[in-house]
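What follows draws every value from the coordinates through simple rules; no lab data is involved. These numbers come from a predicted model, not from an experiment. Glycine gets a Cβ as well: all are built from the backbone with ideal geometry, and neighbour counts include every protein chain shown.
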Amino acid sequence: MDLNQVLEKWKNSQSFTDNVSAWIVTPAVDAKAFPFPKNLDPKLTGALDKNGITHLYSHQLETFKSVEEGKNVVIATGTASGKTLAYNLPVINHIIQNPNACALYIYPTKALAQDQLNNLNDLRNTANIQNIFIPAIYDGDTPQNQRITIRKSANILKTNPDMLHQGILPHHTKWHRFLSNLRFVIIDEMHSYRGVFGSHFANVIRRLKRICAFYGAYPQFILTSATIGNPLELSENLTETSVQVIDHDGSQQGEKQFIIFNPPLVDQQLGIRKSALNTAVNFSKELIANSIQTLIFARTRRTVEMTLSYLRDSLPIHLLDRVRGYRSGYLKDERREIERDFRESKLLAVASTSALELGIDIGDLESVILLGYPGSIATTKQRAGRAGRKNQSAVAILISTPDALDQYLANHPDYLTGQNPENALIDPNNLSILTQHILCATFELPFSANEGFGNVDPYLLRSILELFSQQAVLNQQNDKYYFISDDYPSANVSLRATTPNIVTLKCITNQHAQTIGEIDASSASWFVHPGAIYLHDADTYKVNALDIDKGECLLEAISTDYYTIPNLSTSIENFSVITQEDHQNYQSNYGNLSLKFEINSFKKLRWHTNEVLGVESLNLPPSELTTVGFWISLKQGFLNQLKDDGKWTATDNDYGTNWQKLREKIIARDNYRCRACGKSFASASLHVHHIQPFKSFGDPQLANKASNLVTLCPGCHSLAEINVRIRSGLAAATNALRNLAPLLIMCDAEDIGCLAEPKSVLANGLPAILVYDGMPGGLGLSRKLYEEQSFWFTRATEAIESCPCAEGCPACVGPVGEQGYGGKSEGIALLKGLI
């Protein structure tokens, strides 16, 4: 069967269609084609004609004309719309006419740079202009013996942000020829630069522009982007220039079908569904059996390897070598071989992480399977667009996992297929990030007292320079600041961390320590505390020791059936309101926050089932975070209304006046022993636990029956409370809001934090929900949520209401990884009161 026949078979299968949340058919679109512009060099028109390209799409022509006019542009058209040709043509055309001109191409990954170099070389050879423009890659893999030649002769340089930051800008004197003639800077896959990474990258661009100006060059910027909500804002924030958006896609497109498949429920009350992984494997098997090339996207390396293993276990022998995995961790030559074999149709299926998400050429692909929502709508469209890149018919299938966001999108598919609401946010002036790059910039060129740095406030810039001068890192002579420290600043600045304090992760093997990565010191206690299970590219490590002062974490590679989550205690040390809004049932506030975090224990949870296996104590010093946040303060009248309606369970338990006597009686009955672990304790150290939670009873006397009470030690009591608990509406609403936040802001889970307090200092002792930026100084994430609060509250309400569970489950009210019941109706009532 061909692809259309397989799709028709699925349409006629009730077991398939019953679980389809959406089946969107996008009809084929004819190209909006135009002749080559008259000022395009004949060598290029001839080369394009030889490659079968006889016209330009409308957005390619618009890009050519705008670049020729000296405008900065961002090309924000669909996947496989020819964005690469759109920016290559004006750049190469200019270099043919001005052979001394140079262009810098910046890609987020090495693999993408390599793939694009091959395309450039093909065009170069076909046009017979080998002596006019000389492209080269300059990254960490570039051999040392080639680097001098590249610096002397290349006029198109392909690199990545890290190499630009650490390998080119600090050594700009070696690049004098290239930088003084730099005419174009191409930033490909602009949507990759968001959050902390994007804020760092914007400062790297500031440093690049500063050095170019020193050499008398003022480059023009060309950016490309997947579909995001704010391409103009992001491009102008990255480059601090005026940018023209080109987003009218004129490319030819084949028919595309997009299916959202939600595996059937196994237990409706608990919201448990069939395995998404097994579902993906079954669909892949059918496509492979019909010789339909398929790319399977998984969210982690572990899932890639599991998918590959399950597929090979179920395929006939003659197909085993036609299925491969692709992820970081594979050798470079092995990855190139997989790319080539997939492009040449020697492989029928590849299971991949995000490594194949970007524009690497993998040929005439007919189908894509997304195993779980990848975290953003932009990424979903990017991955789905990998099929049908040669204008043929194609299908993309998103298989929903039990995660809250997956289930929301399965129940509200129009959110994926309609206008993209996500915004990619950065804050280049985040003080923690900015100060690091000011040091790097001063190392590269001394700062004049009246010199600017992007749009940084001149008074702030001068204050930072004076502070470093007082610390003897800089030396002020007359009106200039010189770098005098022995350190090499950019070598100590990670583009993926907010602070310069880094903890190095070292794996101990046979008495040897191998560095596998690094982590922001402020996050170390959370991710790599002693006893933690740490995933690095989905390989599993156990943390043996953490020394934050020395910046060192020692790990060992292990195979385990559990993961760990620390129990975090958050306290609000100080706050100040920047802006606020008054509403009928609540007050919303945005402001500065000082938070203190303490981690005194962590949970061990079994993979896949999330069963709590145990709780272990920790003794770590507290950490502090100064950031920004948005908080909701509930009003007393609204609280009273929820209580009257029986929708408020966040108050403290009142066990009755005789509780103390009853407690002693139960402890004596159990012979002063913990009924779980059997150890003996003094009476004061023991707890009495309600087997069925106290709040599930309407009558306290029934809850306090001796048959419902058991003696436990503090450790076993903590474990019991985790395994069976009643969620309050406050906790339910907070978890739903946390889960839905990525629909508004493109962020990782650790970029924002949430806190629910029944009696909060933020609300004068009344309940409050707080969401805050998880990095020092903040990046504007909570600010965006503050501005879109009504939209956010509505989406969270929909997520809980549309869940088929009875009383609340991890897919709607969470928390994910903990079992419990209740909270659904209470959470809905609270959120509806906020809308």
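Table for the structure above
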read-out	value
Quotient of C-alpha Rg and 2.2 N^0.38 Å, computed over the stretch 464-567	1.41
Cα long-axis angle, helix 58-68 against the chain (0 to 90 degrees, to the nearest 10)	70
Label corresponding to Kirkwood radius over Cα pairs in Å when calculated from the structure given, among (1) 36.8; (2) 29.5; (3) 28.7	(2)
Convex hull volume per residue in cubic angstrom - Cα atoms of the stretch 218-293	212
Label-reachable residues, the stretch 773-804, where backbone N falls under 12 Å from a point 7 Å from HIS583's Cα toward its Cβ	786-797
Given LYS256/LYS381; LYS381/LYS832; LYS174/LYS209; LYS209/LYS480; LYS43/LYS152; LYS83/LYS381, the pairs whose alpha carbons are separated by over 23 Å	LYS381/LYS832; LYS43/LYS152
Qualifying GluC sites (Glu not before Pro) for the stretch 1-88 [loop in DSSP, other Cβ within 10 Å: at most 12]	GLU69
Full-extension gain in nm, LEU662 to LYS832, via 0.36 nm per residue minus C-alpha separation	57.2 nm
DSSP-defined beta bridges in the chain - what % are antiparallel, rounded to 5	60
Residues THR794 and GLU233, FRET efficiency given R0 of 35 Å [Cβ-Cβ distance, rounded to 0.05]	0.90
Counted charge near VAL473, where neighbours are those whose Cβ lies closer than 15 Å (Asp, Glu -1; Lys, Arg +1)	-3
Rh (Kirkwood; distinct C-alpha pairs) - the stretch 637-692, Å	13.8
Environment charge of LYS9, counting only residues whose C-beta is closer than 13 Å and scoring Lys/Arg +1, Asp/Glu -1	-2
Within straight-line cross-link reach of LYS679, aspartates and glutamates at Cα separation under 13 Å, skipping those fewer than 8 residues along the same chain	ASP670
Cα-centre dipole for the chain with unit charges at Cβ (Lys and Arg positive, Asp and Glu negative), debye to 20	900
P(r), alpha carbons of the stretch 1-72 - 10 Å bins starting at zero, rounded %	15, 29, 16, 16, 19, 6
HIS171-GLU787 FRET efficiency (beta carbon distance; Förster radius 35 Å; 0.05 resolution)	0.25
Candidate aspartates and glutamates - alpha carbon under 19 Å from LYS604, same-chain residues fewer than 8 apart omitted	ASP539, GLU556, ASP561, GLU616, GLU721, GLU818
Distance from the stretch 47-96 to the stretch 223-260 (C-alpha centre basis), Å	15
Exceeding the 22 Å Cα-Cα cut-off - candidates LYS647/LYS759; LYS759/LYS784; LYS603/LYS665; LYS643/LYS759; LYS635/LYS759	LYS759/LYS784; LYS603/LYS665
Calculated P(r) of the stretch 83-139 - Cα pairs past 19 Å, %	23
Binned Cα-Cα distance frequencies in the stretch 271-416 - 10 Å width, integer %	11, 45, 35, 9, 0
Cα→Cβ-extended label distance, 7 Å offset, between ASN574 and ILE502, nm	3.1
FRET E, pair VAL29, SER345, Förster distance 30 Å, beta-carbon r, rounded to 0.05	0.75
C-alpha long axis of helix 110-126 to longest principal axis of the chain, angle in °	20
Where labels lie 7 Å past Cα in the beta-carbon direction, separation of ARG669 and SER448 in nm	8.5
Cβ-defined net charge surrounding LEU315, 15 Å radius [Lys, Arg +1; Asp, Glu -1]	+1
Among beta bridges that DSSP assigns inside the stretch 351-501, antiparallel share in %, nearest 5	55
